[in-house]
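Worksheet for the structure shown next.
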Amino acid sequence: MNLFDVYPLNDIEITKALGSNVWDAKNQKYLDLYGGHAVISIGHTHPHYVKRLTDQLHKVGFYSNSVKIPLQVQLAEKLGQVSGKKDFQLFLCNSGAEANENALKLASFYNGRKKIIAFHGAFHGRTSLAVAVTDNPKIIAPVNENANVIFLPLNNEVALEETFKAQGDEIAAVIIEGIQGVGGIKEASKSFLQKIRSLCDAYNAVYIADSVQCGYGRTGLFYAHDYAGVDADVYTMAKGMGNGFPIAGISIAPKFKPWHGELGTTFGGNHLACSAGLAVLEVMEQDNLMQNAEEVGRYLIEKLNKFEQVIEVRGRGLMIGIELPAELAHVKKELLFTHHIFTGEAKPNVIRLLPALNLSKTHADAFLEAFRKLVN
Ligand SMILES: Cc1ncc(COP(=O)(O)O)c(C=O)c1O
């Protein structure tokens, strides 16, 4: 049997990983500023994480949501505390797309409406409704085309207001990334997020903050959206939540009242997933990782802004986009194959940095030195 060949692969096999480093099968060491696509939040094979998962595996790895799982309650309490949303409610699932799918469904159940506002450049996942609100026709199969989705330009308050004025009583939800990841590290402005909040309030629509990539402490705030100073109704999260163990969730405002059967999933919130989620939050708290993300991120952004070859540096904390001119398109590949540094990318020419939140300044300097050599 062959693999279904959907991923363009680098010819590298990773056999060992620790902190912000990984090693390949030939024992070549790499600096990981990609974090396996923003997933590694507390560093690879963190000892507390490994111990918590291993201990749990020796007790019980999985049982379904037909029984009480106290680890879910512990995770909800910890998440409420670390995220600062103590009165929100947690629904656990398995991936970012599934989190968004459930958030959109929840919104529609809540106000009985069908239309969704999403934004140009958005990426929300590949399942049916998540892909329908993703601005990439290439990955939307005919069966996923959805006439209820309205795409508007990001940060255009006038377009948003006009859409609400015309169709406000049909709009179930507005879904937005705090910082677009796949779209090239593009920030939603404070005033735009505030406008979404006030229009959703005025028209009883649901504000969904997709924090799958920009959330979980990456920008120095738990949810990137919160820098606008207004709460969303629903936050979706995944990636960094389990440091590699598949776990996702949605944090739901108190005004939503659940009913049995409204949402559900077999694997969501299983014992191992919750142990991974708890280990991540415990390390984040104990080691002040949000503060580190903010500080090392600010340091990197400041230094990167000094390179005159760079068109623009975007992002906050450890979610950074470096837009390069076409003649420097080779830099990402050379970072990997010459300097052994993993980074992410966005089309056409943006290098994305999405490292673990405990990245050190020494690691940041190693990257800056390699970058300097390549752009000069
Ligand atoms: C902002 C955002 N939302 C949703 C998703 C989908 O997450 P998953 O791949 O876990 O389904 C992604 C994945 O890159 C993402 O960046």
| request: Mind listing whichever residues of segment 247-299 are of a type in the set (D, E, K, R) and outside any helix (DSSP H, G or I)? | output: 255, 257, 262, 287
| field | Test for residue 260: is it surrounded by fewer than 17 Cβ atoms within 10 Å (Cβ to Cβ), more than 25 Å from residue 185 (Cα to Cα) and either modelled with pLDDT of 95 or more or not aromatic (Phe, Trp, Tyr) (or both) | value | yes
| message | Please determine whether any residue of segment 45-54 is under 22 Å from residue 370 (Cβ atoms) and modelled with pLDDT of 95 or more. | response | no
| query | How many of the residues making up segment 132-182 are exposed (fewer than 14 other Cβ atoms within 10 Å of the Cβ) and under 27 Å from residue 38 (Cβ atoms)? | reply | 6
| field | Complete set of residues in segment 121-131 that are away from the ligand (no atom under 11 Å from the Cβ) and crowded, with 21+ Cβ neighbours inside 10 Å | value | 129
| Hits in segment 94-120 - residues which are among the hydroxyl-bearing types (Ser, Thr, Tyr) and within 12 Å of the ligand (Cβ to nearest atom) | 95
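Conditions tested, residue by residue: (1) touching a residue at least 24 places away in the same chain (Cβ under 8 Å); (2) within 14 Å of the ligand (Cβ to nearest atom); (3) β-branched (Val, Ile, Thr).
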| residue | (1), (2), (3) |
| --- | --- |
| 191 | yes, no, no |
| 194 | yes, no, no |
| 206 | yes, no, yes |
| 210 | yes, yes, no |
| 216 | yes, yes, no |
| 230 | yes, no, yes |
| 246 | yes, yes, no |
| 249 | yes, yes, no |
| 256 | yes, no, no |
| said: Please count how many residues of segment 323-349 are surrounded by fewer than 18 Cβ atoms within 10 Å (Cβ to Cβ) and β-branched (Val, Ile, Thr). | reply: 1
| query | Is there any pair linking a residue in segment 305-333 that is within 18 Å of residue 294 (Cβ to Cβ) to one that is loosely packed, with under 13 Cβ neighbours inside 10 Å, with Cβ under 7 Å and at least six apart or on different chains, and which? | reply | 313/305
| query | So how many residues does segment 207-246 have that are assigned to a loop (DSSP other than H, G, I, E, B) and farther than 21 Å from residue 42 by Cα? | reply | 5
| request: Could you list all residues from segment 142-180 that are away from the ligand (no atom under 16 Å from the Cβ) and under 25 Å from the mean Cα position of the chain (by Cα)? | output: 145, 146, 148, 150, 152, 153, 155, 156, 157, 160, 171, 172
| message | Contact list please: Cβ distance under 6 Å, first residue in segment 91-110 and closer than 9 Å to residue 263 by Cβ, second residue within 9 Å of the ligand (Cβ to nearest atom) and part of a helix (DSSP H, G or I), pairs at least six apart or on different chains. | response | 93/99
| request: Just give me the residues in segment 111-135 being among the polar types (S, T, N, Q) and touching a residue at least 40 places away in the same chain (Cβ under 8 Å), in sequence order. | output: 111
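The values are calculated or read from the model by the stated rules, or taken from the named source; none is laboratory data. Note that the coordinates shown come from a computational prediction; the quantities given were computed from them, not determined experimentally. Note that each Cβ is placed from the backbone with ideal geometry, even for glycine, and that neighbours are counted across all protein chains shown.
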